[in-house]
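Each value in this text was obtained by applying a stated rule to the coordinates, not by laboratory testing. Computed from a prediction, not measured in an experiment: that's the story for all the values here. Glycine also receives a Cβ, built like all others from the backbone with ideal geometry; neighbour counts cover every protein chain displayed.
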Amino acid sequence: MGITPKGTGALTIYSLYQRELQTLAVYEKPHGIKCGTFGATASNTRHLATGDYKGVMNIWDVEVADVPLYSTQAHKSIVNAIDGCGGQNSGNGTPEIATCGQDGCVRVWDVRVAEPVVTLAFKEQDIGHDCWTVCFGNSYNNSERCIVSGYENGDVKLFDLRTNSVRWETNCQNGVVHVQFDQKNSEMNKLLVTTLHSNFRVYDLQTLHPEEGFTCITEKAHKSIIWQGHFLPQNRDLFMTSGGNGGLNLYKYHHPLSRTAKDADGRLYGVCGTVELLNSRVLSTQPIVSMDWSPDREGFCALACLDKTVRVYIVTDTNKL
């Protein structure tokens, strides 16, 4: 997915055959495509939800992607990020899509209806900030579900969709580029937040202190923007970050002996573990702006760089780490 020099959208479908990527279909769309997700579709239907540079969200059948199955004006301008939940045979809750935009809004969509089911926006008297990233999590049954949004000013907000309220918020001091729960379809456990100024945070989400909130650890990486951070679906303690230096870093999170402690007033607060850098490799001279793990084949990951390449890598022995 991407944008052509003339501003139209590029959508190319590939198949991995042995050691080669084979092009199955190439589509040109009216507007550049900024983001996409399969998260709200069953694994056998292959419906791709995309957000474009004109604020439109479309859902495509990648087998025949000439005309969208669903289309709506999601935001006033660019859809910066998109995520899906309830699909891929997860079995927990209604399939929903979350989008965030340059207009500072976050919206949650049930594609069975035309209007968003939830809209999070700044008050008119407040100064709005671009929302750069959004993700689902805590979807461990048919009623519980949360979203986390990250903003250009460093804000991170956790919104509970069941209670329709902000559950927690904090600020990371610099722009939040990407957020992800360690698993969508289980009780929230860890949250990975990557930022503009070459650092990432891992929050322990098991214990919320009434004043201090969730505890976190902060690490430096890549000496540049950390564009993405993704937990391995098969092991929630392993995660990969991609950087503006064209590199990938593989980390393991080590839990502390006890995940809680008590403050002077006897109130519980969370205790974070440590992260270990397992491997680091620079793959390109240009930033790796997108990457994701395969949900089916452990260790397979696909990534896209600003050198106009798409690559597939295998991280071996992840089941032994």
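Neighbour counts of C-beta atoms inside 10 Å place Ile226, Ile82, Ile3 in the sequence Ile3, Ile82, Ile226, starting with the fewest. Counting every pair of alpha carbons in region 52-99, the share spaced more than 13 Å apart comes to 63 percent. The base-10 log of I(q)/I(0) for region 138-262, evaluated at q = 0.11, 0.13, 0.21 Å⁻¹, reads -0.37, -0.52, -1.32 [Debye formula, identical scatterers on Cα atoms, solvent excluded].
What whole-number value in cubic angstrom gives the convex hull volume per residue for the C-alpha atoms of region 1-80?
Measuring per residue, one finds 104 Å³ for the Cα hull of region 1-80.
A DSSP coil position with no more than 14 other Cβ atoms inside 10 Å describes the following trypsin sites (Lys or Arg not before Pro) in region 238-321: Arg267, Arg297, Lys308. Can you give the net charge of the other residues whose Cβ lies under 12 Å from the Cβ of Glu187, counting K and R as +1 and D and E as -1? Net charge in that neighbourhood comes out at +2. Residues Glu115, Glu219, Glu169, arranged from fewest to most other Cβ atoms within 10 angstrom of their Cβ, appear as Glu115, Glu169, Glu219. Just how large is the dipole of the chain about the Cα centre, in debye to the nearest 20, putting +1 at every Lys and Arg Cβ and -1 at every Asp and Glu Cβ? Its charge dipole is roughly 520 debye.
Among Asp292, Asp66, Asp182, sorting on how many other beta-carbon atoms sit within 10 Å of each Cβ, with the fewest leading, yields Asp66, Asp292, Asp182. Each Cα pair under 8 Å and six or more residues apart adds its sequence gap; the mean of these over the residue count of the chain is a relative contact order of 8 percent. Legend: P(r) of the chain from all alpha carbon pair distances, 20 Å bins from 0, whole percents, reading 32, 61, 7, 0.
List the lysines whose Cα sits under 19 Å from the Cα of Lys29, skipping any in the same chain fewer than 8 residues away. Answer for Lys29, where 19 Å is the Cα cut-off: Lys6, Lys54, Lys76, Lys308, listed by chain and number.
For region 50-144, the calculated P(r) over all alpha carbon pairs, in 10 Å bins from 0 to the bin holding the longest distance, is 16, 45, 32, 7, 0 percent. Per-residue 3J(HN,Hα) values for region 153-160, derived from phi via the Karplus relation 6.51 cos²θ - 1.76 cosθ + 1.60 with θ = phi - 60°, read 8, x, 5, 10, 10, 9, 10, 8 Hz in sequence order (x marks Gly and Pro). Residues whose amide H comes within less than 5 Å of that of Asp130, counting only those at least five positions distant or on another chain, are Glu152 (H built at 1.01 Å from N in the peptide plane). A cysteine counts as unpartnered when no other cysteine's C-beta lies under 4.7 Å of its own; in the chain this applies to Cys35, Cys85, Cys105, Cys135, Cys146, Cys172, Cys216, Cys272, Cys301, Cys305.
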